[in-house]
Each structure stands twice: as C-alpha cells, then as structure tokens.
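Visitor: Just dropping this structure here.
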Amino acid sequence: MSQPIELQKDETFVLNVGPQHPATHGVLRVKMTMDGEYIYKAETVLGYIHRMHEKMAENRTYPQYMPNMGRLDYLSAMAFNHGYALVVERACGIEVPERAEYIRVITVELNRISSHLVWLGAYVLDLGGFTPLMYCFDDREQILDLLESVTGSRLTYCYFRFGGLYNDIDDEFITGTRAFIIRMRKELKMYAKLVTGNIILMKRLQGHGIIDKDMCQRYGATGPVARGSGLNYDVRKNEPYSVYPELDFDIPVNDGCDSYARYLVRMEEMEQSLRIIEQALDKLPEGPVNPEKKPKLIKPPSGDYYAAVETARGNFGIRLVSDGGKNAYRLKLRSPTYSNMHLFDEACRGMLLADALAFMGSLDLVIPEMDR
Amino acid sequence: MGGYFSDLFSGTKSLLDGMWVTLKEFPKRPVTLSYPHESLKMYARYRGHIELIGDEENKPNCVVCGMCERACPSGCIHLAGEKPEGGKKKVLTSYTLDFTTCSLCGSCVESCNFDAIRFSNEYNLASTRKEDFIIDLLKRLEEQDK
Amino acid sequence: MSLTLLNVVLAVFIAICFVGANAAYLVWCERKGAGFYQRRPGPMENGWWGLLQPPIDGVKLMTKQLLIPGGVDKAIFMVAPVLAMFPALISFVTIPFSDNIVAHPIDVGVLVIFAFAALGGMSLLVAGWGSRNKYSMISSVRAVSQTVAYEIPLLITTITIVMISGSLNLGDIVQQQLDGFLSWNVWPLHKEVGFNLLMPVSFLILFVCSVAETNRAPFDLGEAESELVAGFHTEYSSMGFGLFFMGEYANIVIGSCLITILFLGGWSCPFGDLGIFPFTHNVGWFLLKIYLIIFVFIWIRWTFPRTTIYGLLNLSWKYLIPISLFNLLLTAGLLKVF
C-alpha cells in the first residue's frame, strides 16, 4: 500500500458517487475525497446488494444451489454455472461426456462475448458515446437469441447440470452460431473503426488509469485487468479444465498497464473466443450430453474441493467443503471483480474525476458479483 | 513538431472514419421491434412459469408425489392431493405456484417423473397486485380447455 | 426602418415563435436522428412518426412541479434558466434570414451575437452556483473554462471574416458572397485576398467552436451524465429544466446561422441568381443550410465519445488558437497585397 496522501481537511470535500450514480452501473458507492476535481482518496462502500449467496449454499441441496450461480454475475452466468458444476463434479467424481464438454465451451465463450459486448457498450457510454452501446446490444441480442433457443432463458441460464447439460443443442443453434461468427467478425472491424481508433477515446484512455504488474499481484487482480498489465495469467491455460487444452487459442496480453491496454485485451479476447467457438463447433462429437450413470442424490464425500474457471472478468474460484451431507458445509466464492475493485482506491489517487470514472469502467465491475 | 501535425491529421482521419460508420447506419432499417404492436414468437424451450399437463380428459397427469415441491430451491410450489374413496391413485386437489419467489430455474420440471408439469410460454406478465402472481395452476388447466 | 414599439414587439414575438418551434422540433429531430444512427426508429408512438412528441413533452414539463430544493440560493437559482434562454432570443433579432427578412439590422451585429453568447455561458455558472450541489458546481466551473477557451478562436476566426468583408453587419457579410458558391468565404479562392488555403480550416475551427460553445457532445462536459449526473441542471425540474433545454437548442440554431452567414453565403443560392424561383437568393437557401449544419451537429453528437476538460483545453490552446491566429495574420497580409 502506498501511503495515503496527507489530507488537508479544510481544502477537500467529499463527493458521494453512488449508490445511485450513472457511472457505477449498479449499487456501488464510492466516497471520494476530492480537492477540486482531483481525487485524494476513494473509499468504496460495498454491500448494497449483498444476498448471502455463500450462506444460501449451506441450506440448500447441491442442485438447488445451481440457479444462484446465474445471479452472481448476470453477464457471464454461463461461466459461473461452469465453475459450480466443475467443483461438484470433482467432488463426486462424475464423468462428463465429451459432447457436453464441447457444448459447455461453446456456450461459455458465446457468453463471454456477450459479456464483453455489454462492457464495451457501457464503457463507451461512460465515456459519453451513446451509439456504440446500441450496436453492441444489437450484436449481443444475436447471442442471447441463440442461447435462449437452447437454454430457454436469456440471462440467468442455469444450463449446466452435474455431469452434463440441461439439454442438447440442435442444428439450428449450430448454423445460427456459425452465422453469428461471420457477422461478429465484421462487427468487430466496425468497432475498431468507430471506437478503438477514435482519437478522443485514445486520448482519454492512453496513459490514464495505470495499474502496474506489482499492484495487480498484491490485490489479486485477474482477468483482462491483470492481462492488461502484462500478467499472462488465464485459468483456461494455466489450470486447464474442460476441453480447452484441445483447442488452439491465444491469451491476449498487453503491457500497456493503462485503461487502453485493458480495452484492447478485451477486444482481442472477443476475437479469440470466436476462434474457440469455431474450432469447438468443428470438433463437436456425437453422443449423449448427460452421463449414463449419475448418482440420484448428489452427496459429495466429506473433504475439501476447489475449482476455478475463467469468467469474462477473471478468475472465479469455488471452494467447497463437504461433510458428506446433502448440503455444502461451507462454500466460498472467490469472485474476480471483488479483487479487481479494490485496487481502485490506490490507483485513482491524484486522478481527475472524469479519468477516475473512465478507469473504473475499464475494470468492468459487476456489482452483484462483487457483493454476492 | 512532426508529432503535432501527424496527431492532427490522424486524429481528424479517425473522427471522419467514425462518422462514416454511423452515416452508413443512418439509412438502414431499424432492427428493433415496436413491442406492444408486434411481439416475437417465443422459442419452444422458453422457460416461462410452469403449468400442469393434462391428459385427454384434461385431468392433470400429476400423481401428487411432491418431488417438485422438494426440488424447488425457493419453496414456491404448494400442492395437495387426496385419495378418492375406492381410487388407487392420489388425485390433485390444489397446485399453487407463488410466482413472486420463483426464479424460473426449472428444477421442478426436471424432477418430475410423471410428465405432469412443463414450462408455459407466458411472458407478458404484469400487474400491480401481488396476488395476481400466486397462480392456481389447477384452475389454469381447467380454463385452458375451454 | 423606424424602430417603433410595435416593430420590436412583433420582432420579439416572431423570434420567440421561431425559437420555440425550432427548439421543440429539433428535439424531435435529434431523437429521430439518434434512432436512425442507432438502428432503431426513434419516437413513433405519438402522432405520425412521433411528430406530436414535442408538444406532449412540453405539456408534461409545464405541468410538473417546479421543485426548489432547500438550501439553494433561491434568487440565482430562479434567474439561471431565464439567462439561458433570453440571450438566444435577443441574438435572433439581428440575424438576417434574407436580404429583407431581418428583425432589426444592427451595424455591429456580430458583436451583439457574441456579447449575448457570452451571457449564455454565464447562465451555466449561475445555475451551478445557485444549485449548491457538488456535481452542479464542478459542472459550472468546467462550463466557464470551456466558454473562455472557445470564445477566443471563435472570435479570431470571425475577425478574419470581418477583415475580409470590412463590416460587422451580418447582412453586409452575406452581400459579398452572392456570386455563386465559389464566392463563399469557405473556399480558399477569394476576390479580396486572392488565395488563402487556410479558409476551409478556419471554417472547421468555427464549426468546432460552435459545437463547444453550445455545450454539445463531444464537448458536453457541463452535463457529462456519466460523471456529473446531469451537471448544472441536476436540481432543476419542470420548466426550469425545460428552459435550459430550449436554450441549448436555440443556441444550436444561432450557431448554425452564424456559420452559414460567415462562411456559407447566408441566403445566397449556390448557383448564383438564376432568376427562376427556387434558384434565386431567398430564405429557403438559408434554412436549408442551417438545417444541414444542424444535421451534422446531431451526427457528431451520436458518433463520438466525450472529451475531458484538459483534452478540450489542449485542443483549443494547442490547435485552434494558433491556427486561427496564423490565419488572421495571413489574411491581413494577403489583404495588404491584393
């Protein structure tokens, strides 16, 4: 921690950003101690949307807890589903059929793109550009339609089951996804012209919101935030799960450390996700999507289990402690935004208000996931 | 000084690029739907609130095993049944869904082994009264037939 | 023309009608334009293509409660919206729509417009100050530094034109651009100054400055909604807010009138006076030109993200002011030579 700047109480004032503020995209509250338009200190106040998700795991059966996962991070619910399914499968030793694994990867990556699209739109909206938001939502709508046609839901999918999936995908989904990949590649080029190359945006992001490698490590930042600071860490490569090792994709890393680096990492990640989906569709094997023998009642043997997945925002880890009963003894969720948020205070000191909010947007915060 | 002018030109060019992108969108037709006047068809798998499935005589398939009630994470299903005199199977007498707490997870549909409940395609649900969302599914099934 | 009381009343009445109708329907244009740029239809429900939306919005605004929060500086708080609207109205008095449609030609018309435009900047300061709200305060301080930074290149560019035409009267400035569109000030070739390559650049500078002057995106720092909620008008409701809103659109019209008069030949027909009705110098050309410019205003707003305050000051002090000063010197030199 750097030493807090000595405050001169008579020259600063407190600006209360949130819990209802257009830039916080949710009920996050930041108490900013300001000197004019410069920030001395920013104290984040969390908990406005705390719903006791960890405690809820202790009084519901394992399948009953699955719907909660979509409510943590409503933008990449699929990845959270995956994490939870993964930890219970590890605990119970359930084998997942290969087709199910591929479908999991396809849906998770589609969801990652849709999450990044929301981020892109909302971020440019934070910076004052309204139109890209609408284009992003138009593209995201295509993904949501695809996912709705298989899962039956648009946001809180609850699609994964222990050992498999809720139901299989059909040919319509596959052709739809292939069409989407072609469309999205075109749209990404459009975004590059409209947003990425824009001089106003570049001037606002380049060199602002610096987070160095060291700070990322100290706070445990993961995901595009860490990769934008040159830390090559991605759970999909570093602790491979599912069928990711069989697919050929790159982890975009940028040494810029500023908001623009994080921006570029996310844009590149969308392209990589498209690559993953394309390959997974090509390799998609035939077969069942649920294991032939599956325990009737999910009762993991007592012990301590852990699984981590890469969500759109970073490393999401679940630690499950089981005492052999129907309910978890303890479930600890390690959500990415919680760690990513906490470097905000240290990094934003001395910034202008406008830059600090642009920086906050580049962290891609999803408040329900942070407060849990 | 070189940077000064190259900044100026590349900046202006990037702005013009952006304006060209939006101008190209201008004459295109809107992609949105004017919702109350026209609405989309829901996918077959769309998860609305649940409804009972009836047989040919429009009697519910439900055998009142209570699996759905137990599977529900939010406890929003309440059902009751009784054995009619001389009958073998239990007969459903009431099935209420408290839609105010339902999270549409579908655990109930999955837990059902008797093909008795399914998702409805209902999504135009709005009301100012809470009571409207405590749905009597048995009554709904009866009304559906008419 | 003798300045009778009736004349003044009539002029102000027509100006109010013109400004009011423009402000109301520019909001509609803006929303429609935004819709088309964003793959959606814009307002559609009220009237054909949502054409009844502006009057309905107006009624809504007027019937809402005019809330005065406790702790505001009441007098200042009430004056600010009027200050936003009134200078725009006055400016219209001197704008020539055609060689015979002008409320009151003033020999120093350019000066009058700039004097009142500066007052418009003051309304933001007063509104932010009177609101006693931290967001409003930051916004009003930004608005003032923005106004100061942009009045300078705006004035310098205008002085260049005034030097060429030798008159501060807006009508006279147009009179010199009546020989077809090649005689407009926007082109480098000019009979007074020979060849000045910087004239189109000056036109761009004036354009950028009027976008900044009217607090429009990408220079809408005063009401940066993602940072300052609604900026200086956060605390205003009902018609207080409505007046700010109308003031903004009135200023857009003034800005585009100014651009048209100074650089695009005002009411002149681009092909010269051909003698057949649409191709004579008439008010239709003037309106066509200002609405084209307004279209570009809307286009820009729905394309770009917002700049920051230092980005804006950098642009002004590093690019606009030096270039416009250089053009001023160049023009002065050329005027001496030719």
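Each reported figure results from applying straightforward, stated rules to the coordinates on display, with no laboratory input. Predicted, not measured: the structure shown is a model, and the values here were computed from it. All Cβ positions, even for glycine, are placed from backbone atoms using ideal geometry, and neighbour counts span all protein chains on display.
Visitor: Compute the Rg/Rh shape ratio of segment C:38-193: radius of gyration over Kirkwood radius, all on alpha-carbon atoms. Intermediate values should be presented prior to the final figure.
Guide: Numbers: Rg = 20.8 Å, Rh = 19.3 Å.
Reported Rg/Rh (Cα atoms, Kirkwood Rh): 1.08.
Visitor: Another question, then. I need B:V31, A:V87 ordered by Cβ neighbour count within 10 Å, fewest first.
Guide: B:V31, A:V87
Visitor: Neighbouring Cβ atoms within 10 Å as the yardstick, rank C:D172, A:D250 fewest first.
Guide: The most exposed by this proxy come first: A:D250, C:D172.
Visitor: Over segment A:9-371, what per residue volume does the convex hull of the Cα atoms give, in whole Å³?
Guide: Cα-based convex hull of segment A:9-371, divided per residue, equals 127 Å³.
Visitor: Can you give the charge dipole size of segment A:235-372 about its Cα centre, rounded to the nearest 20 debye, using +1 on the beta carbon of Lys and Arg and -1 on the beta carbon of Asp and Glu?
Guide: 1000 debye
Visitor: Now a separate question. If you count, for every residue in C:311-319, the Cβ atoms of partner chains within 10 Å of its Cβ, what is the mean?
Guide: Across C:311-319, the average partner-chain Cβ count within 10 Å equals 2.
Visitor: Ok, one more. Which listed residue (C:G128, C:F271, C:L228) has the Cα farthest towards the positive end of the charge dipole for chain C, taking +1 on Lys and Arg C-beta and -1 on Asp and Glu C-beta about the Cα centre?
Guide: The Cα lying farthest towards the positive end belongs to C:L228.
Visitor: For segment B:50-145, just the Cα atoms, rotate onto the principal axes and tell me the three extents in Å, largest first.
Guide: Projected onto the principal axes, the Cα atoms of segment B:50-145 cover 44, 28, 20 Å.
Visitor: Whole number please: convex hull volume per residue of the Cα set in chain C, in Å³?
Guide: Expressed per residue, the convex hull around the Cα atoms of chain C is 148 Å³.
Visitor: Can you give me the span-like helices of chain A, meaning DSSP H runs with 15 Å or more of Cα extent along the axis and Kyte-Doolittle mean at or above 0.5?
Guide: Result, helices passing both filters: A:77-92.
Visitor: On to the next question. Measure off 7 Å from each Cα along the Cα-to-Cβ vector at A:N16 and B:E38, then give the distance between these two points in nanometres to one decimal.
Guide: Placing both labels 7 Å beyond Cα along the Cβ direction yields 4.7 nm.
Visitor: Also: Using a simple charge model, +1 on the beta-carbon of Lys and Arg, -1 on the beta-carbon of Asp and Glu, nothing else, what dipole does the protein assembly as shown show about its Cα centre, in debye to the nearest 20? Could you put the intermediate results ahead of the total?
Guide: On the way: 80 positive and 89 negative charges, 137 e Å.
Rounded to the nearest 20 debye, it is 660 debye.
Visitor: Taking the convex hull of the alpha carbon atoms in segment C:16-122, what volume per residue do you get, in Å³?
Guide: That works out to 169 Å³ per residue.
Visitor: Could you sort the peptides C:306-315, B:10-19 by per-residue average Cβ neighbour count (10 Å cutoff), highest mean leading?
Guide: Going from most to least packed, we get C:306-315, B:10-19.
Visitor: How far, in degrees from 0 to 90, does helix B:2-25 lean away from the longest principal axis of the Cα atoms of chain B, to the nearest 10?
Guide: Tilt relative to chain B: about 40 degrees.
Visitor: What FRET efficiency comes out for the pair B:S127/C:T4, r = Cβ-Cβ distance, R0 = 60 Å, nearest 0.05? Intermediate results must be reported in sequence, preceding the final value.
Guide: Working: r = 64 Å, r/R0 = 1.07.
After rounding to 0.05, the efficiency reads 0.40.
Visitor: Going by how many other beta carbons lie within 10 Å of each one, how would you line up C:R39, A:R204, fewest first?
Guide: On the way: C:R39 18, A:R204 24.
By the 10 Å Cβ count, ascending: C:R39, A:R204.
Visitor: Fully extended, how many nm does the chain gain between A:I49 and A:D171 (0.36 nm per residue separation, minus their Cα-Cα distance)?
Guide: Additional length available on full extension: 40.0 nm.
Visitor: Next question, about the same structure. Would you mind working out the magnitude of the charge dipole of chain A relative to its Cα centre, with +1 at each Lys and Arg C-beta and -1 at each Asp and Glu C-beta, to the nearest 20 Debye?
Guide: Dipole magnitude for chain A comes out near 800 debye.
Visitor: Between helix C:321-337 and chain C, what is the angle of the helix's C-alpha long axis to the longest principal axis, kept within 0 to 90° and rounded to the nearest 10?
Guide: Rounded to the nearest ten degrees, it is 20.
Visitor: Let me ask something else. So how compact is the protein assembly as shown: Cα radius of gyration and Dmax in angstrom?
Guide: For the protein assembly as shown, the Cα radius of gyration and maximum Cα-Cα distance read 31.9, 118 Å.
Visitor: Can you run phi through the Karplus equation (6.51, -1.76, 1.60; θ = phi - 60°) for segment C:141-146 and list ³J(HN,Hα) in whole Hz, with x for Gly and Pro?
Guide: Ordered by residue, 3J(HN,Hα) equals 5, 4, 4, 5, 5, 5 Hz.
Visitor: Too long at a 22 Å Cα-Cα cut-off: which of A:K294/B:K88; A:K186/A:K283; A:K203/C:K318; B:K130/C:K60; A:K326/B:K88?
Guide: The pairs that break the limit, which is 22 Å between Cα atoms, are A:K294/B:K88; A:K186/A:K283; B:K130/C:K60; A:K326/B:K88.
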